[in-house]
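Have a look at the structure below before the remarks.
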Amino acid sequence: MTRKTNPLYISSRNTLQHVLNLYDNFLFDCDGVIWLGEALIPGAAEFIQLLVDNNKGFAFVTNNSSNSRNTYLRKFAKLGIPNITKDLLYPTCYSAALEVRDQLKVPLGSKIWVLGDHGIEEELQEMGYTTLGCNDPKLDHLDLDSCILEVDPDVKAVVVGSTKEFNYMRISSTLQYLLHNDKSIPFIGCNIDRTYPGPHGLTLPAGGSVVNYMAYTADRDFINVGKPSTQFLDIILQDKQFDRDKTLMIGDTLYTDIKSGNDGNLGDGRGSLLVLSGGTKLKDLQKVIDGANGSGEHDLVPSYYIESIGHLAKLIEP
Ligand SMILES: [Mg+2]
């Protein structure tokens, strides 16, 4: 497969129409694409409506594991994007639960240790698992004599994702499970994202910082259930019955979203669209293009780019 090292800027209605003709299905990242924090990106709702009007398929694939699908449903409704249903949502807290059940074949009812925000706990519990750790109050204060540092031998997997409650007790208790029994309990990491674009122009630490902290501390690797994992992309394509050759990934992060679309060979090798409304700026894109032209490594270079999906909606306005 050859991939062009110069992405196409979608600058006209004709170019957009060409793109809409090429793809039947659209996979959206959320943070930096649909919203920034609690603010909807202008025009995002209009672009999604445009896809609905044109009978296009779509789904939301976010590496954010903090919120469950139910929480995302409320967020979409609050931001004024109607008719989003649970089957369109793939946050990595849900993909972690799918991994535990479908790939690792952990029997329902088993105990799973969680280091992360509530979304992971909610999705595992909805699937039928018992969760330990997470926001247990015993983890809030340092107490190295606490019984919570004793390994429960019935725990069958450890899931780690972003948490706003990262502290020494949570690190220490999770470490016991990751080291237990010659490091044999499966270790699932919800994503590898270093940062995400927060409110007020802030760059904030994302789940990958927590996952890699634990991987480094325990000196072991993890199963990545977020983008750019092609295994997870395969599960979504199958679940949604999306034709790989007719699917476009839209995201704001080169090493997760764009790499996922490229590594997954979406759109017959041209299946990634970068938006500049999140963490990646034009100069970052240029740096990657320059690097690709030098090294021949094209997996981070998008097929297309545009300021935001709101700009796409504007191009098509009558
Ligand atoms: Mg993003």
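The values are calculated or read from the model by the stated rules, or taken from the named source; none is laboratory data. Bear in mind the structure is a predicted one, so any value in this text is a computation, not a measurement. We place every Cβ from the backbone using ideal geometry, glycine too, and count neighbours over all the protein chains shown.
Please work out if C134 is more than 20 Å from C30 (Cα to Cα) and crowded, with 16+ Cβ neighbours inside 10 Å. Yes; evaluated as a whole, the condition is true for this residue. Of the residues G43, G37, the single one that is over 19 Å from N262 (Cβ atoms) and in contact with a Lys or Arg (Cβ under 7 Å, 6 or more places away or on another chain) is G43.
Taking the criterion of being outside any helix (DSSP H, G or I), in contact with a Lys or Arg (Cβ under 6 Å, 6 or more places away or on another chain) and more than 23 Å from V225 (Cβ to Cβ), would at least one residue in segment 288-298 satisfy it? Within segment 288-298, one or more residues are outside any helix (DSSP H, G or I), in contact with a Lys or Arg (Cβ under 6 Å, 6 or more places away or on another chain) and more than 23 Å from V225 (Cβ to Cβ). Here is the figure for segment 167-187: residues that are surrounded by 16 or more Cβ atoms within 10 Å (Cβ to Cβ) and either closer than 30 Å to L276 by Cα or of a type in the set (S, T, Y) (or both) total 4.
Among the residues of segment 61-88, write down those that are within 14 Å of the ligand (Cβ to nearest atom) and either of a type in the set (A, V, I, L, M) or loosely packed, with under 11 Cβ neighbours inside 10 Å (or both). V61, the sole residue that qualifies. Looking at the structure I just gave you, is E126 at pLDDT 95 or above, assigned to a helix (DSSP H, G or I) and surrounded by fewer than 17 Cβ atoms within 10 Å (Cβ to Cβ)? Spelling it out, E126 is indeed at pLDDT 95 or above, assigned to a helix (DSSP H, G or I) and surrounded by fewer than 17 Cβ atoms within 10 Å (Cβ to Cβ). Those strands (runs of 3 or more DSSP E) of segment 55-116 in which at least 3 residues are under 24 Å from L266 (Cα atoms) and not charged (D, E, K, R), considering only elements entirely within it, cover 57-62, 89-91.
Suppose we filter segment 246-278 for residues that are part of a loop (DSSP other than H, G, I, E, B) and either surrounded by fewer than 24 Cβ atoms within 10 Å (Cβ to Cβ) or not assigned by the TED database to the domain that holds H18 (or both); how many remain?
Just the residues of segment 246-278 that are part of a loop (DSSP other than H, G, I, E, B), to begin with: 252-253, 264-265, 270-271, 276-278.
Retained after the next criterion (residues that are either surrounded by fewer than 24 Cβ atoms within 10 Å (Cβ to Cβ) or not assigned by the TED database to the domain that holds H18 (or both)): 265, 270, 276-278.
Summing the residues that are part of a loop (DSSP other than H, G, I, E, B) and either surrounded by fewer than 24 Cβ atoms within 10 Å (Cβ to Cβ) or not assigned by the TED database to the domain that holds H18 (or both) in segment 246-278 gives 5.
Being under 23 Å from G37 (Cα atoms) and at pLDDT 95 or above holds for only one residue in G201, G133, G119, and it is G119. Evaluating G32 against the criteria (1) away from the ligand (no atom under 16 Å from the Cβ); (2) touching a Pro at 6+ places or on another chain (Cβ under 7 Å) leaves one unmet condition, (1). Condition check: surrounded by fewer than 17 Cβ atoms within 10 Å (Cβ to Cβ) and touching a Pro at 6+ places or on another chain (Cβ under 7 Å). Does T203 satisfy that? For T203, the condition - surrounded by fewer than 17 Cβ atoms within 10 Å (Cβ to Cβ) and touching a Pro at 6+ places or on another chain (Cβ under 7 Å) - is met. Set side by side, the residues F232, F242 differ, and just one is under 26 Å from F58 (Cα atoms) and at pLDDT below 95, which is F232. Residues that are within 16 Å of the ligand (Cβ to nearest atom) and modelled with pLDDT of 95 or more within segment 263-279 comprise S272, L273, L274, V275, L276, S277, listed in sequence order. Considering only residues in segment 9-29 that are among the hydrophobic types (A, V, I, L, M, F, W, C) and within 16 Å of the ligand (Cβ to nearest atom), the one that is surrounded by the most Cβ atoms within 10 Å (Cβ to Cβ) turns out to be L27.
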